[in-house]
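Just so you know, all these numbers are worked out from the coordinates, no wet-lab data involved. Remember, it's a predicted structure, so these values are computed and weren't measured experimentally. As a convention, Cβ positions derive from the backbone with ideal geometry for all residues, glycine included, and neighbour counts pool all protein chains shown.
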Amino acid sequence: MNLQAVRAIYCFEMARAGRTLLQSLVSPVISTSLYFVVFGAAIGSRIQEVEGVSYGAFIVPGLIMLMLLTQSVSNASFGIFFPKFTGTIYEVLSAPISYFEIVLGYVGAAATKSAVLGLLILATATFFVDLHILHPFMMLLFLLLTAVTFSLLGFIIGIWADSFEKLQLVPLLIITPLTFLGGSFYAIDMLPPFWQTVTLANPVVYLVSGFRWSFYGISDVNIVASVAMVGVFLAVSLAVVSWIFRTGYRLRP
Amino acid sequence: MSHQTPNASESQPRVETSSASSVIEIQGLAKRYDSGFEALKRVDLEIQRGEIFALLGPNGAGKTTLISIICGLVNATEGRVLIDGHDNVTDYRAARAKIGLVPQELTSDAFETVWNTVSFSRGLFGHKAKRSHIEDVLKSLSLWDKRKNKLITLSGGMKRRVLIAKALAHEPEILFLDEPTAGVDVELRRDMWEVVRKLRERGVTIILTTHYIEEAEEMADRIGVINRGEIVLVREKAALMRQLGSKQLTLQLQKPLASVPPALAHYPLTLAEDGNVLVYTYDASEMGGPSEMGGPSEMGGPSEMDGPSESSEPRVSISTLLNDIEATGIRFKDLQTKQSSLEEIFVDLVKER
């Protein structure tokens with residue numbers, strides 16, 4: 001195992017976040033705060049409690065998930081797309097480093113960044129609402145697994161994309177809509193029955209529901225289904241990444 | 001173009017290629033892209049340990065594809081590459097650890113500092129940080145003063161130096177330089193040649209691709225020519241120089257000759273164009289041959305033939321020849337000298353295919 005190389009990539013990526021601190025950390029925290037102000041304070045005051053939890057507190061897990069998903073994808077996709085775009089990827093490909101180690105470096109850094117961001121948003125939320133976390137261990141597990149899984153997805157997008165437009169396409173057209181429609185701001189049973197059924201096809205529902213369960217013990221779907229869904233996501237992402245490296249797709253012609 | 005005396009390369013420590021083992025073995029290497037384009041056609045090549053090997057070829061000949069496969073950037077369709085006995089696919093860690101690559105494109109992490117990017121390269125190849133080595137590398141490439149600069153602030157030449165520094169950060173045994181001097185100024189080119197020489201003295205094997213003939217002449221122990229995905233020639237530079245060293249003096253005669261007069265039989269003279277032209281072939285290496293390389297290879301003019309780099313000694317022998325010709329009563333109306341350059345040999349090789 002070439003740990004030095006993993007460390008080199010990991011530190012390089014973390015340093016990149018350090019250079020763009022405003023964009024990496026401050027901006028997501030500010031936008032999440034705005035969500036709290038608009039949804040929590042303004043709209044939330046007109047919405048009753050949801051299953052015994054104040055609306056402001058109810059949306060916290062969903063908001064963290066929203067940021068976690070979008071930031072993991074954008075961090076990881078940019079992290080691998082940029083060296084591809086500038087050409088510096090040659091160095092990683094010519095180094096004595098395995099595929100697993102490359103993924104560990106890039107995805108590890110992206111997941112770390114988004115997990116830290118998630119915790120930061122959680123801390124920000126405490127300024128707006130009273131929070132209690134029923135299952136802190138499960139909360140952290142969900143946070144980490146989601147960060148890793150969606151960083152893997154971001155890594156895949158970053159390799160697939162051959163233009164900045166494509167890099168934005170998947171997050172913009174798929175991730176964001178799925179997250180907004182994934183129960184971040186509402187409980188599924190607030191929807192008409194037809195849409196309740198449709199929404200169950202949205203994988204993000206399971207993530208948000210499971211994450212919310214770890215906070216308040218309430219969930220839209222069974223917690224086992226949520227954990228299983230994260231597992232399936234992770235497995236599919238890993239399978240795609242390993243296929244990418246096996247075939248050299250977009251990396252080694 | 002840099003000037004070099006004919007035997008300057010001989011004065012450097014020579015690599016005993018005949019007895020040295022090969023450090024890279026390329027066997028039946030082929031690359032077909034999905035489009036059907038055959039970039040490499042079953043290439044076989046051995047690179048000797050400690051030599052400087054120049055791979056010459058026109059654009060699109062397959063130089064970069066070959067290097068990319070060896071270094072692990074491109075997958076081969078067929079064949080295999082052994083780096084010091086390690087297969088570069090099945091035993092890629094051991095194989096790649098020995099190689100440093102300076103790519104053709106000036107790629108850089110724009111916002112990184114010189115120091116960080118070179119240190120990153122060292123880590124990537126599995127080495128622990130070693131300040132003294134990075135410092136040595138940066139100093140040898142005149143980058144020390146720029147170590148805290150962001151790459152985006154550097155000139156093209158400086159970026160090229162950084163790429164070399166990155167390739168040397170992990171102390172490779174084999175260094176690939178893909179078009180190292182494309183678009184760089186004379187000063188940097190000299191500096192780079194100097195660095196390459198020092199590396200060679202330390203036993204580093206160097207493979208450089210170029211389409212500048214003079215670069216191959218200046219640096220290489222052996223020269224390989226690749227064209228349309230095939231290696232068309234691999235030869236010791238000295239041997240190639242001898243080949244290119246042959247020079248011809250052509251005399252246009254006033255009256256055609258049936259045969260070379262016996263009085264001139266001891267000269268290597270031949271008749272051409274129905275006896276209208278007398279051709280004298282001689283070794284130009286005695287005349288400072290390689291220094292003329294890359295310049296005009298044909299010197300016209302009715303009677304003057306003292307080119308700027310010709311030494312006086314051969315002129316004596318040619319004037320002796322001319323006197324002897326004069327003595328036999330042969331009159332000529334014009335004369336020309338012509339030297340085949342490596343460039344011509346190269347162009348011929350490439351054209352034939």
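Identification of helices (runs of 4 or more DSSP H) wholly contained in the stretch A:7-97 with 1 or more residues that are farther than 23 Å from residue B:73 by Cβ, within 12 Å of another protein chain (Cβ to nearest Cβ) and under 16 Å from the mean Cα position of the chain (by Cα) yields no element.
Listed by first and then second residue, the pairs linking a residue in the stretch B:263-283 that is at positive phi to a residue that is surrounded by 15 or more Cβ atoms within 10 Å (Cβ to Cβ), with Cβ atoms under 7 Å apart and 6 or more places separating them unless they lie on different chains, are B:275/B:257.
The set of residues in the stretch B:73-87 that are within 10 Å of chain A (Cβ to nearest Cβ) and in contact with a Gly (Cβ under 7 Å, 6 or more places away or on another chain) contains only B:75.
In summary, helices (runs of 4 or more DSSP H) completely within the stretch A:112-189 and bearing 1 or more residues that are under 30 Å from residue A:253 (Cα atoms) and among the β-branched types (Val, Ile, Thr) occur at A:136-160, A:164-170. Of all residues in the stretch B:115-153, how many are aliphatic (A, V, I, L, M) and away from chain A (no Cβ under 14 Å)? Count: 4. All conditions in (1) more than 19 Å from the chain's Cα centre (by Cα); (2) away from chain B (no Cβ under 14 Å); (3) assigned to a helix (DSSP H, G or I) hold for residue A:230, with the sole exception of (1). In the stretch B:89-114, the residue that is surrounded by the fewest Cβ atoms within 10 Å (Cβ to Cβ) out of those that are more than 7 Å from chain A (Cβ to nearest Cβ) and of a type in the set (Asp, Glu) is B:91.
Among the residues of this structure, residue A:171 does not count as one that is surrounded by fewer than 17 Cβ atoms within 10 Å (Cβ to Cβ) and more than 17 Å from residue A:59 (Cβ to Cβ). Just the residues that are more than 30 Å from residue B:36 (Cα to Cα), touching a Leu at 6+ places or on another chain (Cβ under 9 Å) and buried (at least 16 other Cβ atoms within 10 Å of the Cβ), please, taken from the stretch B:178-199. Result: B:181, B:191, B:192, B:195, B:196, B:199. Among the criteria (1) of a type outside the set (Asp, Glu); (2) over 19 Å from residue A:155 (Cα atoms); (3) within 12 Å of the chain's Cα centre (by Cα), the one residue A:111 does not fulfil is (2). The requirement of being of a type in the set (A, V, I, L, M), more than 12 Å from chain B (Cβ to nearest Cβ), in contact (Cβ under 8 Å) with a residue 12 or more places away in the chain and assigned to a helix (DSSP H, G or I) is not satisfied by residue A:102.
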